[in-house]
Amino acid sequence: MRSQTAEGTAAGHGPAKQPRLAALLRAHAGGLAAALALGALLVAPQWWLRATDPDEGVRAVLSPYASSDEGFDLALYAPNIRQAYDGELPIVDYYAGGSDEVSTQSGAAWLELTGWLGHAAGGIYNALLAVTTLAAAATFVSLYALAFRVTGSRLLAVAVLPIALASAEVLKFSDGILGLRERYVLEAIVRVNPGGNFLAWLRFLPPVMPLAPFFAAAIAAPEAARTGRRAWMAAAVVALTLLVYSYFYFWSAMAAALAGWLAWLLLRGEREQATRLAVIGAAVALLSLPEIFALVRGALTASDDFRARLGATTGLSFEASAGEIAARLVVGAPFLLACLRGPERNRLYAALYVVPLVLSRAVGIVPQPFHYSDQVWPPFAIPAVVAGGTEIWRMLPQRLSPYATGTAVALAGAGLLFVSAVQVRAFQQTGDAFALREDERAAFDWIEDNVAAPETVVSPSLSTNMYVASLTPARRYLREAFVPGPSDDELIEDYLRASAAYGYPPGDVMERLDPAYFPHGEFIDDARAREELLEYSMAFYLLNWQVTDPDRITARIPRWRARYEALLALDDPLADGRRADYVYCGPRERLFEGSGAPGVYVRVAFQQGEVTVYEIAESGADGAKRFGGC
């Protein structure tokens, strides 16, 4: 199995003659077929959702409360895709509810592309399916190319694909490596119980969209630095620029790793390679100026409350997850040490392994730095493990090589079975939650056809706001934790005004702001119960990671209660708030009993089953009546 690499033979002979494209495709037909099959497996739940019907209601393509890796993420990002589809470019910040008070969103290129393609694809969810399918295929093709370039073996390169995919999912299961010591974690893995989560790599936007440019950059950047060939230089610039426009945590970690490798090259006196790498970095920085400008502007306009909502504090901490970082370094030590051998690119791959672990403790410098260890590190570790494993394999006695190869193939088979089972089990657990009642589907269709931006639909339900913003061009009333400009009080103000319009009792409204209702328990195998849990826990979704510091919320609840009681005393609590044009009444709005605000006058615009959409009207308008709650 000691086959020839793309740079030469394992014995170090000269480079092989480059085949023509047709011959190259024939030689790697099996590997490319395996890569495309793994890409199809990755996005299978999205295709499955569109090809099946739920037991009750009608199929929905997103669910705010089902499968955090697919349903909730799509519910969070879909409103911005919808903005682009409706021609509102550039799109504004995530979760902004149509507010014009926020800056242009960074990391929005894929969202804008998906929305723009929606017109050709017949809707944003068809476009999303096409974009993520192509991204998944490109991810595994580029990973196969990386693995073949490092190992020189088509068989081993194919084996890398399911091993990497299964390893990422196991890490997600265990929330790291140390979690594997826990019996309940091992039982979940052995029993293939994904807890209602689709495969970790499926998340859109992160991390499925940055994976292909990352693996491509891991191939092109070292080759460009080594050879200086124009094709490799251009490929490195394109891949790294796409990475910058994809996801902040990925490109910032890649930039730090490349900076470390540049310093290494300079210390070793490799000035030609260092110069080429610096030229690539300068070109990428120039092409990425719009994205960097949006990012810096967003950071400068962010409120202190916003930083607290994302869990960012002052200072730098390396202590909180020292054990987990140490465990990952211990597991990777043999591969990292082996990366000291072999081609110069191996040193870059070692840096890619280590840098996200260091950045994961950058509390106070970037928001939610745990993303570096949770999302960035698993794919960043792959090049070092493959390269280090290849060097270890080459050091083995010749008689042991077949056993090592056989072990890799067996692990690949087990990984493929595991991942396939995870996808099937996850859909079985959550498929019915990707559904809407027929009357709600009809209501959103009516809003789609009759309400246009900037008209706003009011509801105190988080799920309803997400559905409105994702399935229709209308604005939603509630904004969420990731809007950088508004303070906590401003976000809560929207929630209090909406609740006051429905006449909800103060006790119910304040209870939903209680951090005790943070939904951190075990997976609930009941769609309705999960939905109700989300609706009963507004604190997390409006204020996000402040629930880990509940004193920040608890101390302000008396002030918010006083404000809410003042709003209840108003005839029309919506009058001097954010724009309000329609009031939505559905099953979630009826989880709490309310009598309506006396000065809010409405007339029925749509009614079917248990869902009514009211248009806010003047008190003397035809058909207008006082809103009496849902």
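What to note about this one:
- By definition, a body whose alpha carbon gyration tensor gives a ≥ b ≥ c is prolate when a/c is 1.5 or more and a/b is larger than b/c, and segment 402-504 fits this prolate description.
- Whole-number D in µm² s⁻¹ for segment 220-349, Kirkwood Cα-pair radius fed into Stokes-Einstein, 20 °C, 1.002 mPa s: 126 µm²/s
- Segment 405-531 - percent relative contact order, Cα under 8 Å, separation 6 or more: 18 percent
- With all protein chains in place and a 1.4 Å probe, the accessible surface of the chain carries 60 percent carbon and sulfur.
- Helix 289-301 vs. the chain, principal-axis angle (Cα, 0 to 90°, nearest 10): 50 degrees
- [x] 34.5; [y] 30.6; [z] 28.6, with the label sought being that of the calculated mean projected area of the Cα convex hull in nm²: [z]
- Cα centroid separation, segment 30-75 to segment 574-630 (Å): 35 Å
- For segment 142-265, the spread of Cα positions along each principal axis, largest first, Å: 51, 34, 27
- In nm, spacing of pseudo-spin labels at D55 and A452 (7 Å Cα→C-beta vector): 4.3 nm
- Nearest 10 degrees, 0 to 90: helix 208-227 Cα axis against the chain principal axis: 30 degrees
- Under 10 Å, Cβ to Cβ, from G586 - net charge with Lys/Arg +1 and Asp/Glu -1: -1
- Using θ = phi - 60° in the Karplus curve 6.51 cos²θ - 1.76 cosθ + 1.60, the 3J(HN,Hα) couplings for segment 244-250 round to 4, 7, 9, 7, 4, 5, 5 Hz; x is entered for Gly and Pro.
- Relative contact order %, the chain, counting alpha carbon pairs below 8 Å whose residues are six or more apart: 17 percent
- Crossing angle, helix 109-121 versus the chain [Cα axis fit, 0-90 degrees, rounded to tens]: 70 degrees
- DSSP-defined beta bridges in the chain - what % are antiparallel, rounded to 5: 70 percent
- Mean residue ellipticity at 222 nm, helices only, the chain: -18500 deg cm²/dmol; runs of at least 4 DSSP H residues each add -39,500 (n - 2.57), and the sum is divided by the number of residues.
- Against the empirical curve 2.2 N^0.38 Å, the C-alpha radius of gyration of segment 16-55 lands at a ratio of 1.87.
- Of the GluC sites (Glu not before Pro) found in segment 593-630, the ones in coil according to DSSP and having at most 12 other Cβ atoms within 10 Å of their Cβ are E593, E618.
- Applying a DSSP loop filter and a limit of 11 other Cβ atoms within 10 Å to the GluC sites (Glu not before Pro) in segment 259-364 leaves E319.
- Taking trypsin sites (Lys or Arg not before Pro) in DSSP loop states with no more than 10 other Cβ atoms inside 10 Å as exposed sites, the chain has its longest site-free stretch at 192-630.
- With a Förster radius of 60 Å applied to the beta-carbon distance between W48 and A624, the computed FRET efficiency rounds to 0.85.
- Heavy-atom SASA rank of H119, H371 (probe 1.4 Å, accessible area, largest first): H119, H371
- Working from Cα pairs under 8 Å separated by at least six residues, relative contact order for segment 328-459 is 23 percent.
- Residue-normalised accessible area of segment 116-268, given per residue in Å² at a 1.4 Å probe: 37 Å²
- Annotation: average projected area of segment 488-630 is 9.1 square nanometres, based on the convex hull of Cα atoms across all directions.
- The stretch between R341 and T548 holds 70.1 nm of extra length on full extension. This uses 0.36 nm per residue minus the Cα-Cα distance.
- Size descriptor, Kirkwood hydrodynamic radius, that averages inverse alpha-carbon separations across segment 566-630, Å: 12.3 Å
- Cα shape, segment 526-580, gyration tensor, a/c 1.5 rule: oblate
- Checking Cβ-Cβ separations below 4.7 Å across the chain identifies C339 as cysteines lacking any candidate disulfide partner.
- Per residue accessible area of segment 389-507, 1.4 Å probe, in Å²: 32 Å²
- Chain lengthening between A234 and T275 when straightened (0.36 nm per residue, less Cα-Cα): 13.3 nm
- Exposure of T275 as accessible area (Å², to 10), given a probe of 1.4 Å and all protein chains: 80 Å²
The values are calculated or read from the model by the stated rules, or taken from the named source; none is laboratory data. Here the structure is a predicted model, which means the values were calculated and not measured. Every residue, glycine as well, gets a Cβ built from its backbone with ideal geometry; the counts of neighbours run over all protein chains shown. Accessible surface areas use protein heavy atoms only, side chains included; no ligands, DNA or RNA. Shrake-Rupley method; radii C 1.70, N 1.55, O 1.52, S 1.80 Å.
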